[in-house]
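As structure tokens, the structure follows; a few thoughts come after it.
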Amino acid sequence: AICQSLEIPHVFQMRESFTEEQMFRQRRADVIVGPDDMLQLFGCGVSESVLGYYRLKLLERSNMPKIKSLKDIDSARVLVLRKGDNFIQEKLLHSDDGYRIQYLPAMEALVGVATGRNDFFVWGEEMLKWRIRKLHLESLRISDVSLPVSEIRIACHDPELLKAIDEQYARLRKKGVVDDIYNKWFSSDYQQETTSPFVLYVTIAGALLL
């Protein structure tokens with residue numbers, strides 16, 4: 001909606017986070033959408049517009065004693081982070097953490113927690129909920145432990161383009177176009193059981209930007 005209304009030629013691509021970060025750093029991508037904490041690391045302009053929120057959550061087995069914070073995890077337990085997810089690593093890794101860290105692909109991490117090979121897995125809340133539902137992992141639960149929440153924004157190498165995107169986003173929101181796009185993609189007709197929340201959010205971002 002934004003690029004079309006501004007008559008900007010564009011191509012939309014969806015990649016893994018580490019791939020899109022590399023493309024943006026190498027200027028093979030002009031615009032990137034992601035958590036604002038990650039976007040700030042690029043050293044370029046970040047939008048005033050907020051497209052949504054990225055909430056990290058801790059996954060654990062339902063029969064485990066509940067913990068109040070990550071500091072309650074001792075050195076005998078393993079906290080799994082998704083392999084290649086630099087954003088989560090930056091948000092969670094601290095020198096005084098006592099637990100052990102392991103990096104695994106998301107599916108392997110989920111199965112590891114379910115079978116007891118690993119104790120905890122940190123990932124985005126919507127992705128965890130979707131995977132638990134899709135894979136029928138009733139033995140797992142999402143912990144109440146408080147973890148960082150980030151705003152999803154837009155970063156751009158060109159300050160003038162970023163300003164134009166922000167201004168057009170504000171106009172579209174005022175006209176109700178933004179709400180119409182969100183309502184369309186989150187309605188029961190479009191949000192199918194097999195639709196990944198990641199794909200859904202990226203599709204929405206694409207619909208807004210294109």
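No lab work stands behind these numbers, since they all come straight from the coordinates. Given the structure is predicted, the values throughout are model-derived calculations rather than measurements. Positions of Cβ are backbone-derived with ideal geometry, glycine not excepted, and every protein chain shown enters the neighbour counts.
Summing charges over neighbours of Asp144, with a neighbour being any other residue whose Cβ is under 11 Å away from its Cβ, gives +3 when K and R count +1 and D and E count -1.
Would you mind getting me the FRET efficiency between Met64 and Asp158? Use the beta-carbon distance for r and R0 = 35 Å, nearest 0.05.
Values: r = 49 Å, r/R0 = 1.39.
So the FRET efficiency works out to roughly 0.10.
Within the straight-line cut-off of under 26 Å between alpha carbons, the lysines reachable from Lys174 are Lys163, Lys184, sequence neighbours fewer than 8 places apart in one chain being disregarded. With K and R counted +1 and D and E -1, the other residues having a Cβ less than 13 Å from that of Leu104 yield a net charge of +1.
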